[in-house]
1. Return yes or no: is LYS213 closer than 30 Å to ALA119 by Cβ and among the charged types (D, E, K, R)?
2. Is it fair to say ALA187 is without any contact (Cβ under 8 Å) to a residue 24 or more places away in the chain and either in a helix (DSSP H, G or I) or charged (D, E, K, R) (or both)?
3. May I ask you to list the residues in the stretch 206-233 that are away from ligand 1 (no atom under 13 Å from the Cβ) and of a type in the set (Phe, Trp, Tyr)?
4. Determine whether the stretch 84-107 contains at least one residue that is within 15 Å of the chain's Cα centre (by Cα), at pLDDT below 95, surrounded by fewer than 21 Cβ atoms within 10 Å (Cβ to Cβ) and of a type in the set (A, V, I, L, M).
5. Can you find a residue that is surrounded by fewer than 18 Cβ atoms within 10 Å (Cβ to Cβ), part of a helix (DSSP H, G or I), away from ligand 2 (no atom under 16 Å from the Cβ) and of a type in the set (Gly, Ala, Ser) anywhere in the stretch 219-226?
6. Under the condition of being under 25 Å from the mean Cα position of the chain (by Cα) and of a type in the set (Gly, Ala, Ser), which residue from the stretch 234-251 is farthest from ligand 1 (Cβ to nearest atom)?
7. Let me spell it out: the conditions are (1) within 16 Å of ligand 1 (Cβ to nearest atom); (2) over 13 Å from PHE125 (Cα atoms), and LEU167 meets all of them except one. Which number is the exception?
Amino acid sequence: MGCLVAVWVMPVALRQAPYRVPHKTGSLVLRSAGGKLWCGHVAPWWSCPISYPNNAMNKSFQQVVSVTAFAVALVLPGVAGAKVSEQTLKNLNTAFQGESNAANRYGKFAVKAAAEGNAQVAKLFRAAAASEAIHRDTHKKAIAELGGTAKEFELDAVTPGTTAENLKASIKGETYERDTMYPDFLAVAKADDAAAAIRTIEFALAAEKEHAKLYQEALDNLGKNAKADYFVCGVCGMTVTELPAKKCRSCRQSVDKYNKIA
Ligand SMILES: [Fe+2]
Ligand SMILES: [Fe+2]
C-alpha cells in the first residue's frame with residue numbers, strides 16, 4: 001500500500017512544482033505561455049530530463065526523488081497501520097464459530113429449562129444466547145474490517161441434558177473462554193495492534209465473565225432461583241441484572257443500548 005501511495009504522491013509533487021524559467025524545449029513542447037516556449041515537464045527547469053539530461057543538479061534532483069520515494073514507501077505502511085497477522089484472523093474465526101454455536105446451544109437450553117418449569121433459568125439462557133449472538137456479529141465485523149473473511153459457521157448438533165447438566169456444561173465453556181481462549185486471543189491481537197480485534201475480544205471477554213458468574217449462581221440455587229430481569233447491551237453483549245446509571249461499563253455506550261430480555 002505504501003509503495004502505491006509513494007508512486008502516486010511523487011508525480012503529484014512534480015506536477016505541483018512551478019516552472020521556474022523557460023528552457024530548451026526538446027521534443028516535448030506542450031504549451032506556450034507569455035509568448036515563451038515551455039518544456040512540457042512541470043518541474044524546476046534543471047530537473048528536466050529532456051532539456052538537461054546531463055545537468056548535475058538534474059541528476060541530484062532525480063536522486064533525491066528516488067530516495068524520497070523509497071523512504072516514503074518504507075514509512076507509510078507503519079503510519080497506515082501494520083497488517084494484521086494470520087493468527088489474529090484465525091483466532092477471530094475460531095471465536096466467530098464458537099459464539100455462533102453458543103448462541104444456538106443456549107437457545108436450546110432455554111427451551112429445555114422452560115420445559116422443566118424453570119422460567120428463571122430459561123430467561124438466563126435466552127439472555128446469554130442474545131449476548132453470544134452479538135459477539136458472533138462483532139467478531140464477523142472485525143474480521144471484515146481487518147481484511148479477512150469470516151468462514152461460514154457450522155452449527156453443532158445439540159442434545160440438551162437436564163437443566164443442571166446444561167448449566168454445568170455452560171459454566172465449563174464460559175470458564176474456558178474467560179480464563180484461556182479470550183486472554184490468549186487478546187494477547188495476539190494486542191501484539192498485532194489490531195484495534196478491531198482487541199475491541200471485539202474485550203467485549204466478549206467482559207461478557208463471558210458475567211455469564212460464568214450468573215450460570216454458577218443459577219446452578220447453586222437451582223429449584224429456588226430468585227426472580228430477576230436480564231439486560232443485554234446491544235453493542236457489546238454485556239449481560240446484567242441491573243441497568244447501569246448512564247453508560248455500559250464495557251463499551252461505554254449509553255444505557256439506551258440495553259435490551260430487556262423477555
Ligand atoms: Fe458467554
Ligand atoms: Fe456495552
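1. In short, yes.
2. It is true that ALA187 is without any contact (Cβ under 8 Å) to a residue 24 or more places away in the chain and either in a helix (DSSP H, G or I) or charged (D, E, K, R) (or both).
3. PHE231
4. So far as the stretch 84-107 goes, no, none of its residues is within 15 Å of the chain's Cα centre (by Cα), at pLDDT below 95, surrounded by fewer than 21 Cβ atoms within 10 Å (Cβ to Cβ) and of a type in the set (A, V, I, L, M).
5. no
6. GLY234
7. Only one criterion is unmet by LEU167, namely (2).
Residue-by-condition table, conditions (1) hydrophobic (A, V, I, L, M, F, W, C); (2) touching a residue at least 12 places away in the same chain (Cβ under 8 Å); (3) assigned to a helix (DSSP H, G or I):
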site	(1), (2), (3)
SER131	no, yes, yes
HIS139	no, yes, yes
GLY147	no, yes, no
GLU152	no, no, no
ALA169	yes, no, yes
GLU174	no, yes, yes
ARG178	no, yes, yes
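The values are calculated or read from the model by the stated rules, or taken from the named source; none is laboratory data. Model, not experiment: these values are computed from the prediction. Quick reminder, even Gly has a Cβ in these numbers, built from the backbone with ideal geometry, and neighbours come from all protein chains shown.
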